[in-house]
1. Under unit Cβ charges (Lys, Arg +1; Asp, Glu -1), what dipole magnitude, rounded to 20 debye, does the range 1-114 have relative to its Cα centre?
2. I need the chymotrypsin sites (Phe, Trp or Tyr not before Pro) found in the range 82-159, filtered to DSSP loop residues with at most 10 other beta carbons within 10 Å of theirs.
3. At a probe radius of 1.4 Å, what is the per-residue accessible area of Lys41, in Å² to the nearest 10?
4. For the range 1-120, rounded, prolate or oblate, judged on the Cα gyration tensor with a ≥ b ≥ c (square roots of eigenvalues), a/c < 1.5 rounded, else prolate if a/b > b/c?
5. Over the chain, what is the mean sequence separation of C-alpha contacts under 8 Å (at least six apart), divided by residue count, expressed as relative contact order in percent?
6. Helix 15-24 versus the longest principal axis of the chain: what is the Cα-based angle in degrees, 0 to 90, to the nearest 10?
7. Can you send over the carbon and sulfur percentage of the accessible area for the chain, probe radius 1.4 Å, protein chains only?
8. Please give the helix 92-108 orientation as an angle from the longest Cα principal axis of the chain, in degrees from 0 to 90, rounded to the nearest 10.
Amino acid sequence: MTTGIYPGSFDPVTYGHLDIIDRASKVVDKLIVGVLTNSTKSPLFSMEERVRMIQDLIRKYGNVEVRAFSGLTVDFAHENGATVIVRGLRAVTDFEYELQLSQTNKVMAPDIDTIFFTTNLQYSYLSSSTVKEIASYHGDIHMFVPEEVEKRIREKFTP
Ligand code: ADP
């Protein structure tokens, strides 16, 4: 059985992330979405909020779970018996960072491989930061995130 982890900030989860979850869930037997808590970025949503939003959206999958984690991704992978790290690639700008990250992880944990899913063309431009920026100006974000997530973002930007 192949277990994969999909680590990220997910602040908040977007249709781009959900597309990667959907596709990765068909490639590995079990997928664990890992919500990073010790990011150097200061998140808009707390770890509990980010986990809860993902939990609600992955109920339809029998083989996808979400867990919070802090520390090294390779340690999180080992703790969960995962041999695969799933990441998404949007543009060339993602590539350099992701390549360095995956090679560093490979040196630290030779038993783990990173697999990349190229973005769905429909979501190639989409990032959590863009969504937050648009929402901060009260712009329409319904095409970027599911309704529940949209509602929670709105709450954050409502005085
Ligand atoms: P991180 O802070 O680790 O980059 P993110 O939540 O921003 O966390 O992203 C997690 C992963 O999902 C990364 O591999 C990122 O490239 C990928 N990702 C984010 N948005 C998209 C998208 N629209 N299409 C494909 N992959 C994406």
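The values are calculated or read from the model by the stated rules, or taken from the named source; none is laboratory data. All values derive from a computational prediction rather than experimental measurement. Quick reminder, even Gly has a Cβ in these numbers, built from the backbone with ideal geometry, and neighbours come from all protein chains shown. To get the accessible areas, we keep the full protein, side chains included, count just its heavy atoms, and leave off ligands, DNA and RNA. Shrake-Rupley method; radii C 1.70, N 1.55, O 1.52, S 1.80 Å.
1. Computed about the Cα centre, the dipole is about 220 debye.
2. Tyr137
3. Surface accessible to solvent at Lys41 totals approximately 130 Å².
4. rounded
5. Here the relative contact order equals 28 percent.
6. That works out to roughly 30 degrees.
7. Accessible surface attributable to carbon and sulfur in the chain totals 53 percent.
8. 40 degrees
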